1. Give the carbon-plus-sulfur fraction of the accessible surface of the chain in %, rounded to a whole number; probe 1.4 Å, heavy atoms of protein chains only.
2. When the Cα atoms of the chain are enclosed in a convex hull and the volume is divided per residue, what value in Å³ results?
3. Based on the Cβ-Cβ distance of residue 264 and residue 134, what FRET efficiency does E = 1/(1 + (r/R0)^6) give at R0 = 51 Å, to the nearest 0.05?
4. For every other residue with a beta carbon closer than 14 angstrom to the beta carbon of residue 233, add +1 if it is Lys or Arg and -1 if Asp or Glu, then tell me the sum.
5. How much length, in nm to one decimal, is gained on full extension between residue 196 and residue 16, taken as 0.36 nm per residue of separation minus their Cα-Cα distance?
6. Name the most mobile residue of 117, 88, 306, meaning the one with the largest mean-square fluctuation, in a Gaussian network model of the chain with Cα contacts below 10 Å.
7. How much FRET efficiency would the formula 1/(1 + (r/R0)^6) give for residue 314 and residue 173, where r is the Cβ-Cβ distance and R0 is 45 Å, rounded to 0.05?
8. Roughly how many whole Å is it from the C-alpha centroid of segment 70-105 to that of segment 168-223?
Amino acid sequence: TPSNSSAASDVYKRQSLSYVLKSLENALIDSLEESPQEDSVEISLNSFLRSFFYHLTKDSFFEHNRGTLSDDSLMYDVITYIAYTLSEIGNIIREYLLKIGIRPRSYIGRIGDFLIESLALEKDPATHFFLEKHNNIISLRMNNFNIQILSEILKNFHTSIHMSGTLKPFDSYAINLGIENAIELDVPADFIRRNRIVFYYPKVTTKYENFIRNPEEIIEKLKRSLISILSNLNANTIVLFPSYEWMTRVLNEEFLTFLDKNLYGKYFIESKDTPVRQIQKNLAAFKSLKDVGAVFFGVFGGRISEGVDFPHEELRSLVIVGLPYPKPDAPQKALYN
């Protein structure tokens, strides 16, 4: 609880709940305006709290006392007081909802709980704070990269099994998690090499840094490359994109005109909104065209990229348009560092 609860409550009592929430909203907007071109930025909690405190105390009553309000200790006392008050309001709401048989959920309480946790972890070097914008909604996010939390949990198990295609180098993974007496099993992919040939085309890329610098050139190169490949294939082919966003960029009106002219009735496009039953019909139609060759466009993590078998001639070629690495946003960069 705040050490200076009397002064903190005096500040808080002058503000309505809606004013407190509006001050939080304004602090989010102000903080993100410092990096208007970014959808994700790392910030210090202190700078965000300063903005929040400024909006809380910018009315005429506090303007005369601006000198005393510049004290960080008072700022933390006020915000701690607010955090615990919001959390308590949330508990009251949850108890009431539980009594009347409604799911005990309180967004006000969650804000208070989040502020309490943030204040408690602010000094932890493994804790990072991020501002993120998605569809004009701004959010404050807290990530803790302390791997010791997971390590302590694993110590409670007699044995744990870890499976992944990306654990190498295994020694580094085991040391980071504090795993002792580990047994490593490396299972190779059991493909007949003469049945699989892999080509890599270095003149195109979906790398985020390259795309940001020259998006039109990147998209044009990808389109030209795909047109070249699909014009010379007479076998069933699946084209996988890193995301629906990438697929929409490439499969524009010009590309669809090419498909209608050269592959009319022999191409299929997976979309987020396509019903499962329609996907199944499209897959059946795709497989039935194995003798003449058809194309199915989809995404990694979609409904045709995993869990579907294409034996014999049902799939002869797979085109991978970039790997589905996550966008290098602020949390990714902080984790990498």
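1. Working: 11920 of 22460 Å².
Ligands and nucleic acids excluded, carbon and sulfur give 53 percent.
2. On the way: hull volume 77.6 nm³, N = 337.
Cα convex hull per residue, to the nearest whole number: 230 Å³.
3. Working: r = 38 Å, r/R0 = 0.75.
Taking R0 as 51 Å, the efficiency between residue 264 and residue 134 is 0.85.
4. Overall, the nearby charge balance is +1.
5. Details: separation 180, 0.36 × 180 = 64.80 nm, distance 6.77 nm.
Stretched out fully, the residue 196 to residue 16 stretch lengthens by 58.0 nm.
6. 306
7. Numbers: r = 37 Å, r/R0 = 0.82.
Using R0 = 45 Å, I get an efficiency of 0.75.
8. 46
The values are calculated or read from the model by the stated rules, or taken from the named source; none is laboratory data. As the structure is a computational prediction, the values presented were derived from the model and not from experiment. All Cβ positions, even for glycine, are placed from backbone atoms using ideal geometry, and neighbour counts span all protein chains on display. To get the accessible areas, we keep the full protein, side chains included, count just its heavy atoms, and leave off ligands, DNA and RNA. Shrake-Rupley method; radii C 1.70, N 1.55, O 1.52, S 1.80 Å.
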